[in-house]
Amino acid sequence: DPQAGRDWWLKAAKAGDAESAFGLGVYYNEGLGGEEDREEAVRWFRKAADLGHPQAMNDLGVMYFKGRGVERDPAEAVRWYRRSADKGCSLAMKNLAHCAENGIGMARDLAAARMFREEAAAAEAEGR
């Protein structure tokens with residue numbers, strides 16, 4: 001039952017659990033157990049990110065990159081991708097590579113893009 005799942009995530013997230021705050025962000029972002037609410041998704045991704053959740057940091061970056069629930073801001077997306085990548089998130093490293101390769105939210109830098117892709121491959125090989 002998606003609604004029961006969302007209620008469980010909400011209770012745990014309010015208690016300060018980063019994984020639950022992230023899960024709640026996913027529920028709101030995808031409209032699970034209710035209607036999609038991108039602004040509420042951003043709120044919960046930010047709470048989880050502030051609690052140190054790497055995937056939430058990446059997903060908050062995606063929200064800024066795409067302008068979902070917040071004003072589109074590629075430079076802010078890059079800041080969140082960097083924080084997530086610094087915590088070892090391979091998806092954030094791939095997102096940084098894309099941004100560096102295309103000069104989105106940062107200066108175009110093919111060497112940096114290559115480095116981010118290599119770091120992502122290494123992180124994936126380690127299961128991160």
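Miscellaneous remarks
- Length-normalised contact order of the chain in % [C-alpha pairs under 8 Å, at least 6 apart]: 15 percent
- ³J(HN,Hα) computed for each position of the range 46-51 - Karplus, 6.51 cos²θ - 1.76 cosθ + 1.60, integer Hz, glycine/proline x: 5, 4, 5, 4, 5, 8
- Exposed-loop-free span, longest in the chain, where GluC sites (Glu not before Pro) count as exposed if DSSP calls them loop and at most 15 other C-beta atoms lie within 10 Å: 72-125
- Averaging the Cα positions of each part gives two centres, and for the range 80-120 and the range 1-32 these lie 28 Å apart.
- Mean sequence separation of contacting Cα pairs (under 8 Å, at least six apart), scaled by the length of the range 48-107, corresponds to a relative contact order of 30 percent.
- The chain - mean residue ellipticity at 222 nm from DSSP helices (-39,500 (n - 2.57) per run, n ≥ 4, rounded to 500): -23500 deg cm²/dmol
- Accessible surface, the range 47-128, averaged per residue in Å² (probe 1.4 Å): 50 Å²
- Compactness of the range 71-128 - radius of gyration and Dmax, Cα, Å: 10.8, 35
- Each residue of the range 8-23 is assigned a 3J(HN,Hα), and the resulting list reads 5, 4, 4, 4, 5, 5, 5, 7, x, 7, 4, 4, 5, 4, 4, x Hz, derived from the Karplus form 6.51 cos²θ - 1.76 cosθ + 1.60 (θ = phi - 60°), x at Gly and Pro.
- Rolling a 1.4 Å probe over the protein heavy atoms of the chain, with every protein chain left in place, gives an accessible area that is 48 percent carbon and sulfur.
- Computed from the Kirkwood radius of its Cα pairs, the Stokes-Einstein diffusion coefficient for the range 30-128 at 10 °C and 1.306 mPa s stands at 117 µm²/s.
- Residue among A41, A97, A107 with the largest mean-square fluctuation in a Gaussian network model of the chain, springs linking Cα atoms under 10 Å: A107
- Using θ = phi - 60° and Karplus 6.51 cos²θ - 1.76 cosθ + 1.60, couplings along the range 72-77 (whole Hz; Gly, Pro as x): 4, 8, x, 5, 5, 4
The values are calculated or read from the model by the stated rules, or taken from the named source; none is laboratory data. Since we're looking at a predicted model, the values are computed, not measured. Don't worry about glycine lacking a Cβ; one is built from the backbone with ideal geometry, like all the others, and counts go over all protein chains shown. For the accessible areas, the whole protein counts, side chains as well, though only heavy atoms, and no ligand, DNA or RNA atoms are used. Shrake-Rupley method; radii C 1.70, N 1.55, O 1.52, S 1.80 Å.
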